[in-house]
Amino acid sequence: MLPASELLLSHLNGQPDPLPALQAGEEQFYLNPNRWQSSPEAKHLLTEERIKVFRREQIAAAARLERFAPYFAAAYLETRDQSGLIESPLVELKKLSLYIKEASCYDFSGNLWLKQDSELPISGSIKARGGIYNVLCIVEEILKQEDLLSKLGSYADLTDDKYREIFSANKIVVSSTGNLGLSIGISAARFGFQVYVYMSRDARQWKKDLLRKVGAQVVEVEGDYGLAVELGRKFAAESDQSYFIDDERSEELFWGYSVAALRLEEQLKAANITVDAEHPLFVYLPCGVGGGPGGIAMGLELVFGQAAHCFFGEPVQVPCALLGFASGLYNKISTADLGLENNTVADGLAVARLSPLVGPRCHPIVSGCYTVKDQRDMDMLSLLWQEEQIFMEPSSQVATLGLMLFQQSAAWKPYLEHYDLVGKEDNITHLAWGTGGAMVPATDRESFLLEGRPGLTFKP
């Protein structure tokens, strides 16, 4: 195999080489030439026929979630005000925007909004979309096998003990740094499944404790996320009645996340926000293995086309998406190959390799990737609380920082020029996608808030 430097250089298409900054652990903003230069490779990866297939998958996922809405309304009180839909608020960050404009050393432009998946019901993170959806797919599969699906009167009946007994003969296994394990553990245990969550060393103790409280078996792995996946997959393969939910390769996870775009479309309309070529939507998504941001980015592409511009944010020590996309190797290259340490306060993003599903599928649609230092995450965490009284865990702050880092970077001006947006900056709606935080215990919240230095956040 060629050295990492040669692999990257062979795929840059004239873009600045990101390798020196990656190896130095410096922040940077990388533009993906497959999207903004419409390379021949991108057209090959995302054909019109594939788009039609993907739209059918997205619509089918939305329909399944609606079918299960009566169940959620019956099983989870927190979903009843939305008639059993698992959805989060869309809020404008007016006070934070004003603070940025007054305190920053650059001309802040556009409108900044937050998609609060950090407040999603049931498990309090973006993983409540894909993780719970994947469990629903397994539920319907078992009901079909038992010849019970066609006989089900209402999905609310699935709260009955007779169904719990049927599901209890099956195991659901997942590997996680934290939030995916929570979403699957909480929802699968409520259905009655035996749940096993393999958690990497990055997972926080309170997440392990909560999973055990709901009845899940937590297997603590003395290694990184990759090892947790390997061990979880191996354990699930030992039984015919085990289902391994694979965060690296799951189609069900991916399409569960994609439904968020359909919901967002309605919320934007309700807020009188237009999304088109003249009024684009710039979306900043925290990225770990890539399933969540990849599914949402694809969903946005299907709904808004090229009017949606998605950027994946990562810690400087674990930039697996930037590395995977820039090299074109996706999961075949690891951040460890650059000598980086898989160590970050953003525990949900501590993944060294990009998903082999998300890499090639999303390479044509992701506009770029950027990296963020841990201390800046903590600064923004405190500032967001100070200005908006909104708490999100450190991983989410990568999204909140995206707009600022983009506008301060050398990538901002050429990107606007390419899309004919110079002078139209105020037409852009910037959307930070919050990924977790609602379930963080009070003591952990207080600790996080003390680590931030909000006054220093916007200094270059």
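The values are calculated or read from the model by the stated rules, or taken from the named source; none is laboratory data. The structure displayed is predicted, hence computed values, not measured ones. Every residue, glycine among them, receives a Cβ derived from its backbone with ideal geometry; neighbour counts consider all protein chains shown. These area figures cover heavy atoms from the full protein model, side chains too; ligands, DNA and RNA do not enter into them. Shrake-Rupley method; radii C 1.70, N 1.55, O 1.52, S 1.80 Å.
From ALA261, ALA271, grab the single residue that is of a type in the set (A, V, I, L, M), modelled with pLDDT of 95 or more, within 30 Å of ASP420 (Cα to Cα) and over 23 Å from the mean Cα position of the chain (by Cα). Sole residue among the options that is of a type in the set (A, V, I, L, M), modelled with pLDDT of 95 or more, within 30 Å of ASP420 (Cα to Cα) and over 23 Å from the mean Cα position of the chain (by Cα): ALA271. Between ALA326, ALA336, the distinction of being assigned to a helix (DSSP H, G or I) and buried (at least 24 other Cβ atoms within 10 Å of the Cβ) belongs to ALA326 only. GLU341 passes every criterion in (1) assigned to a helix (DSSP H, G or I); (2) open to solvent by 10 Å² or more (accessible area, probe 1.4 Å) apart from (1).
Considering each residue of the stretch 82-98 in turn, none proves to be touching a His at 6+ places or on another chain (Cβ under 9 Å), more than 26 Å from GLY348 (Cβ to Cβ) and of a type in the set (S, T, N, Q). Tell me which residues, restricted to the stretch 264-286, are free of Cβ contacts under 8 Å to residues at least 12 places away in the same chain and not in a helix (DSSP H, G or I). Those that are free of Cβ contacts under 8 Å to residues at least 12 places away in the same chain and not in a helix (DSSP H, G or I): ASN272, THR274.
Taking into account only those residues within the stretch 86-108 that are crowded, with 17+ Cβ neighbours inside 10 Å and part of a loop (DSSP other than H, G, I, E, B), which is modelled with the lowest pLDDT? Ranking the qualifying residues of the stretch 86-108, first place goes to PHE108.
Only one entry of ASP209, ASP202 meets the criterion of being open to solvent by 10 Å² or more (accessible area, probe 1.4 Å), farther than 23 Å from THR79 by Cα and outside any helix (DSSP H, G or I), and that entry is ASP202.
In the stretch 416-456, how many are more than 28 Å from ARG204 (Cα to Cα) and among the hydrophobic types (A, V, I, L, M, F, W, C)?
Residues in the stretch 416-456 being more than 28 Å from ARG204 (Cα to Cα) and among the hydrophobic types (A, V, I, L, M, F, W, C): 4 in total.
Among the residues that make up the stretch 287-303, is at least one of them surrounded by 22 or more Cβ atoms within 10 Å (Cβ to Cβ), part of a strand (DSSP E or B) and not acidic (Asp, Glu)? Among the residues of the stretch 287-303, not one is surrounded by 22 or more Cβ atoms within 10 Å (Cβ to Cβ), part of a strand (DSSP E or B) and not acidic (Asp, Glu), which makes the answer no.
Being within 18 Å of GLU388 (Cβ to Cβ), outside any loop (DSSP other than H, G, I, E, B) and open to solvent by less than 40 Å² (accessible area, probe 1.4 Å) is a condition met by at least one residue of the stretch 118-137.
If I filter the stretch 235-263 down to residues being of a type in the set (D, E, K, R) and not in a helix (DSSP H, G or I), which single residue comes out as most open to solvent (accessible area, probe 1.4 Å)?
Going through the qualifying residues, I end up with ASP240.
Looking at this structure, is GLY232 farther than 20 Å from PRO121 by Cβ, open to solvent by less than 10 Å² (accessible area, probe 1.4 Å) and at pLDDT 95 or above? Yes, satisfied. Please tell me if GLN306 is part of a helix (DSSP H, G or I) and polar (S, T, N, Q). The answer is yes for GLN306.
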